[in-house]
Amino acid sequence: MSRLNSVLREDKGFTYGANSWIDARKLGTTIIISTTVENSSAIETIRLIFDQLRKFSTERLDDDEITRAVRYMMGSFARSVESPAQVSALISGLDLLNLPDDYYDHFYRKISETTTDDVLGSQQKYFNPQGWTISVCGNVKSFMDELRQFGSLNVLNEEAMIIETL
């Protein structure tokens with residue numbers, strides 16, 4: 001997330017912000033990257049996102065980046081158990097994902113011991129942009145030919161399309 005924000009917002013000035021999150025499900029997980037840009041910078045934005053994905057899928061993270069991520073995850077987890085509804089969601093997640101009952105007893109230790117070697121395999125497996133799907137909304141007709149470089153197009157209507165990446 002901070003890499004995308006740094007490139008798209010701070011370096012290029014294309015957007016007020018870029019968001020990314022993981023939607024983990026039992027039968028499939030989706031990594032979602034979202035931002036809003038003007039049509040004139042849409043192609044470059046997609047290219048820059050793919051560049052970041054390629055870098056992230058091939059380059060080992062440095063220790064500082066891992067430390068920041070670990071601190072963020074540990075702090076986020078603490079905030080995720082503030083209400084009964086949040087606790088209930090965590091408990092139902094254990095059942096849904098067939099995790100052991102003591103999964104969260106070891107959560108902090110496992111997260112705090114995470115190293116660059118631990119995450120490199122996941123980076124390589126999940127962040128390679130090949131096979132990703134791009135969803136584009138807006139005046140897509142104005143740059144449809146340029147979008148073909150990213151893969152096969154599926155035009156939903158004049159204002160939206162899906163691209164299956166190569």
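Every number here is computed from the coordinates shown, using simple stated rules; none is lab data. Since the structure is predicted, the reported quantities are computational estimates derived from the model, not experimental observations. Methodologically, a virtual Cβ is constructed for each residue, glycine included, from the backbone with ideal geometry; neighbour enumeration extends over all protein chains shown.
Mean sequence separation of contacting Cα pairs (under 8 Å, at least six apart), scaled by the length of the chain, corresponds to a relative contact order of 19 percent. Only one residue of 89, 130, 112 has its Cα farthest out toward the positive end of the dipole of the chain, where Lys and Arg carry +1 and Asp and Glu -1 on Cβ, and that residue is 130. Under a Gaussian network description of the chain, with springs only between Cα atoms under 10 Å, the residue in 86, 149, 130 that fluctuates furthest is 86. The long axis of helix 116-126 is offset from the longest Cα principal axis of the chain by roughly 40 degrees.
With the convex hull drawn around the C-alpha atoms of region 1-59, the volume per residue stands at 91 Å³.
Against the chain, whose longest principal axis comes from its Cα atoms, helix 42-58 is set at around 40 degrees. Angle between the Cα long axis of helix 84-96 and the longest principal axis of the chain, 0 to 90 degrees, nearest 10? Rounded to the nearest ten degrees, it is 80.
Against the set (i) 1.83; (ii) 1.21; (iii) 2.09, the structure's computed Cα Rg over 2.2 N^0.38 Å falls on (ii). With a sphere of radius 15 Å drawn around the Cβ of residue 54, what net charge do the other residues whose Cβ falls strictly inside it have (Lys, Arg +1; Asp, Glu -1)? Value of the local net charge: +3.
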